[in-house]
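Chemist: Take this structure, written in structure tokens, and hold onto it; I'll ask about it next.
The values are calculated or read from the model by the stated rules, or taken from the named source; none is laboratory data. Quick caveat, the model's predicted, so the values are computed rather than measured. Neighbour counts are summed over all protein chains in view; Cβ atoms, including those assigned to glycine, are modelled from backbone coordinates with ideal geometry. Keep in mind that these areas ignore ligands, DNA and RNA; they rest on the heavy atoms of the full protein, side chains included. Shrake-Rupley method; radii C 1.70, N 1.55, O 1.52, S 1.80 Å.
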Amino acid sequence: MSAHKFEKLNSLVSELSDTDLVSSRWLRAHGYSSSLVARYMASGWLVSPARGVYMRKGGRLQWEGVVRSLQYREGLPLHIGGRFSLALQGHEHYLRLGESATVSLFGPVRLPGWVSKLSLNERFQLLGRGPFDLPMPTRADVSDKELQACGLLRYEVETGTLGLVCSMHERAMLEFCSGVTGAALVYEADALMQAMTTLRPQQVASMLRHCQSVKAKRLFLALAERHGHAWLSYVPMDGVDLGSGKRALVPGGRLNSTYQITLPGDLDEQLG
């Protein structure tokens, strides 16, 4: 192998962490030809966990590396949101047990084909733009302040690696509420909301103003009221559109008169 090619190899391998993935598209864009990649594989420096994507020999195939590759190398406007973002940030004990994890991703793009071909216990669910009218930052160097304005943050899953862009609790709860379609998910949203004791009123207000799902906003507020969270009384509601008329999530439920949404009548029993 020539000195130049060996230098390129060193640069590539040193750039990849144990869980990082790199796609054929990225390699081509950065001057790594197919023949050169084939030589790296033949020499035992790279392995291919699925067609069209590579990792360093001895690396660990994990969902975190997949998301990091999508966000930082592929430059896709995607973030971890909803239920999985809450689980990632410490609320997994409130969620359903006995299931393989589903990584909830939001963004106005398609996932590369190689994502579904990886041998992982977790699966990836792309949920589109979600209920918000906020832009999704696409630059890898976007500032923390810009992310915060969109209800997002960088969450470090592995020490020494780039943080994954995730929804903050305020945004993640609204994303989850937007997908609630029946009693079982209302119970789960209620259990999650019970733990949301430290939400920030101004951040809640910002997310409510930018959320386009009337159902999500009403459910979020009704559950916060139900648990008597202190922060709710400090949320400025100016500019928050709660729509008109009643909303029924379950037939024969109990109407929350403040937010005009019908919830299951046995919520207290479900929390036990």
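Chemist: Whenever you get a sec, compute what percent of the accessible area on the stretch 34-133 sits on carbon and sulfur atoms (1.4 Å probe).
Modeler: With neighbouring chains kept in place, the figure for the stretch 34-133 is 47 percent.
Chemist: Right, here's the next one. Over the stretch 48-205, give the accessible area per residue in Å² for a 1.4 Å probe, as an integer.
Modeler: 44
Chemist: On to the next question. All other residues with a Cβ under 10 Å from the Cβ of SER23 taken together, and with Lys, Arg as +1 and Asp, Glu as -1, what is their net charge?
Modeler: Residues close to SER23 contribute a combined charge of +2.
Chemist: Largest first, please: the extent of the C-alpha atoms of the stretch 110-191 along each principal axis, to the nearest Å.
Modeler: Ordered largest first, the stretch 110-191 gives principal extents of 40, 35, 26 Å.
Chemist: Quick one: putting +1 on the C-beta of Lys and Arg, -1 on the C-beta of Asp and Glu, what dipole do you get for the chain around its Cα centre, in Debye to the nearest 20?
Modeler: Charge dipole, the chain, about its Cα centre: 1000 debye, nearest 20.
Chemist: Right, something else. Provide the gained length on full extension for the span ARG25 to ASP133, in nm with one decimal, where the gain is 0.36 nm per separating residue minus the Cα-Cα distance.
Modeler: Contour length minus the Cα-Cα distance gives 35.9 nm.
Chemist: So, one more: Looking at the chain only, what percent of DSSP beta bridges run antiparallel? Nearest 5 please.
Modeler: 70
Chemist: Which distance in nm do the two modelled labels at THR198 and MET41 give, with both placed 7 Å along the Cα-to-Cβ direction?
Modeler: Label-label distance for THR198 and MET41, simple model: 4.6 nm.
Chemist: Give, in nm to one decimal, the length gained when the segment between TYR234 and SER33 is fully stretched (0.36 nm per residue of separation minus the Cα-Cα distance).
Modeler: Working it through step by step, the gained length comes to 66.6 nm.
Chemist: Further question on the same structure: How large are Rg and Dmax for the chain when calculated on the C-alpha trace, in angstrom?
Modeler: Spelled out, the Cα radius of gyration and Dmax of the chain are 21.7, 75 Å.
Chemist: When you take every Cα atom in the stretch 151-272, what is the radius of gyration, and what is Dmax, the widest Cα pair distance, in Å?
Modeler: Cα only, the stretch 151-272: 15.0, 52 Å (Rg, Dmax).
Chemist: So, one more: Give the lysines reachable from LYS217 as a straight Cα distance under 27 Å; neighbours fewer than 8 places away on the same chain don't count.
Modeler: Cα-Cα hits under 27 Å: LYS145, LYS246.
Chemist: Going Cα to Cα from LYS8, which lysines come in below 27 Å? Please leave out same-chain ones fewer than 8 positions away.
Modeler: Those lysines meeting the cut-off are LYS57.
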